[in-house]
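The values are calculated or read from the model by the stated rules, or taken from the named source; none is laboratory data. Only a predicted model underlies this, so the values are computations on that prediction, with no experimental measurement involved. Methodologically, a virtual Cβ is constructed for each residue, glycine included, from the backbone with ideal geometry; neighbour enumeration extends over all protein chains shown.
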Amino acid sequence: MGLLVSGGAEHGDSRAEAGEVPLVLGRTSEGKVFAMRDSCPHRGIPLSYGRLDGKVVECCYHGWRFDACSGQCVEIPSLSSQDKLKVERIFAGHYPCEERDGYVWVYMSSGGRKAADNAPGTRSPEKIPAAPALTVFSDKYKITHLSCELPSHIDHGIIGLMDPAHGPFVHQSWFWRKRASIHEKAKQFEPIPNGFRMSPHSPSTNSAPYQLLKKITGEPVTTTIDFVLPNIRTEIDRSGKMWFSSRATVTPVRRDLCRIDFVAAWNLFFLPVSIFRMFGKVFLRQDQETMIRQAEGLKHNPRLMLIDDADRPAKWYFALKANLIESRRTGAPMVHPMDGPVTLRWRS
């Protein structure tokens with residue numbers, strides 16, 4: 001599973017956590033990003049307390065040195081000429097990673113490759129997919145990143161991400177929607193590999209930004225929204241030559257903590273990055289406050305329910321997740337929970 005774990009990597013190192021796995025991220029002197037398990041295989045001290053010397057991470061405890069891009073041990077200073085320990089057979093856990101759109105994506109499914117996995121001539125047992133790229137439609141555009149932590153299990157974070165009915169209540173504001181603007185909607189959804197799509201449609205008439213875009217361009221606005229396992233929601237809005245593209249991911253940090261990372265790009269001449277960030281922070285904070293309140297109630301393990309049609313995307317998510325796990329267990333093709341296009345209706 002590829003997970004987004006950091007908003008960039010500078011020279012030196014930085015700490016992160018994904019799926020309760022501690023990570024140390026960094027960039028070598030040649031500019032290559034790396035991701036290692038933040039634990040020395042000798043005595044367990046976090047490698048992030050050590051130092052990065054070009055392409056080698058050195059542990060602060062006993063000075064063990066590891067190649068940053070493979071995790072292979074290259075030196076143990078305490079060894080004498082009489083020692084027969086084969087240093088090159090020792091590996092710190094490390095993970096394939098890729099930098100894209102200002103983020104570092106780490107491939108976590110192998111659990112951190114160890115000595116046996118890194119022996120000469122061996123390969124990773126799985127084909128590692130490329131990190132997803134944000135879709136853009138011109139060479140020149142603005143781009144920005146936002147993030148916030150949610151005190152909840154990743155499932156609650158994800159179904160909140162795709163929930164179509166909370167907008168008028170959670171995101172009430174003059175620049176977005178008002179509670180009084182609730183009306184019935186009908187949207188078509190279609191299956192896509194490992195996910196589903198809200199088919200291209202005219203966005204809600206009670207969302208001011210879309211109406212402003214339509215007024216400026218004088219052309220219709222179309223919106224397409226995708227959700228793809230394990231954790232990615234993308235939205236593309238287009239009106240004439242104007243476009244706005246965004247991606248939100250929900251990354252598990254611990255069982256009770258996840259993080260939303262949001263990146264957006266656009267060529268809207270009238271929208272400065274500073275203005276968008278101001279509104280975007282308000283939007284994310286509203287989601288965060290709601291999840292904090294929900295976490296208070298979930299401490300008591302209440303029975304929960306999902307209804308049709310507003311919660312159908314959440315049902316698809318849980319079915320997709322279960323079917324993918326079963327497919328990997330049995331080797332059989334994954335069964336998609338959607339038979340074909342379907343129209344959902346709700347009020348928001």
Scan the range 16-36 and report the pairs whose first residue is of a type in the set (A, V, I, L, M, F, W, C) and whose second residue is assigned to a loop (DSSP other than H, G, I, E, B), with Cβ atoms within less than 6 Å and a gap of 6+ or a chain change.
LEU23/ASP38; VAL24/ASP38; LEU25/ALA9; VAL33/ALA9; PHE34/ALA68; PHE34/CYS69; MET36/GLY71; MET36/ALA92
How many of the residues making up the range 284-308 are β-branched (Val, Ile, Thr) and either in a loop (DSSP other than H, G, I, E, B) or not assigned by TED's automatic domain parsing to the domain that holds LEU146 (or both)?
1
For the range 252-273, check the following and say yes or no: at least one residue is among the charged types (D, E, K, R) and in a helix (DSSP H, G or I).
no
Among the numbered conditions (1) over 30 Å from ARG328 (Cβ atoms); (2) free of Cβ contacts under 8 Å to residues at least 60 places away in the same chain, tell me where GLN72 comes up short.
(1)
Subset tally (residues that are of a type outside the set (D, E, K, R) and under 18 Å from TRP266 (Cβ atoms)) for the range 219-256
16
Single unsatisfied condition, LYS32 versus (1) of a type in the set (Lys, Arg); (2) closer than 26 Å to LEU134 by Cβ; (3) buried (at least 20 other Cβ atoms within 10 Å of the Cβ)
(3)
From the list ARG277, ARG259, ARG247, which one is in contact with a Leu (Cβ under 6 Å, 6 or more places away or on another chain) and of a type in the set (Lys, Arg)?
ARG247
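A quick yes/no check of all residues on (1) under 16 Å from PRO96 (Cβ atoms); (2) in a strand (DSSP E or B); (3) modelled with pLDDT of 90 or more; (4) touching a Phe, Trp or Tyr at 6+ places or on another chain (Cβ under 7 Å):
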residue	(1), (2), (3), (4)
LEU4	yes, yes, no, yes
ASP13	no, yes, no, no
ALA16	yes, yes, no, no
SER39	no, no, yes, no
GLY44	no, no, yes, no
Restricting to the range 309-348, give me the number of residues that are closer than 14 Å to ILE159 by Cβ and in a loop (DSSP other than H, G, I, E, B).
2
Looking at (1) farther than 30 Å from VAL21 by Cβ; (2) at pLDDT below 95; (3) surrounded by 12 or more Cβ atoms within 10 Å (Cβ to Cβ), which is the only condition VAL342 fails?
(2)
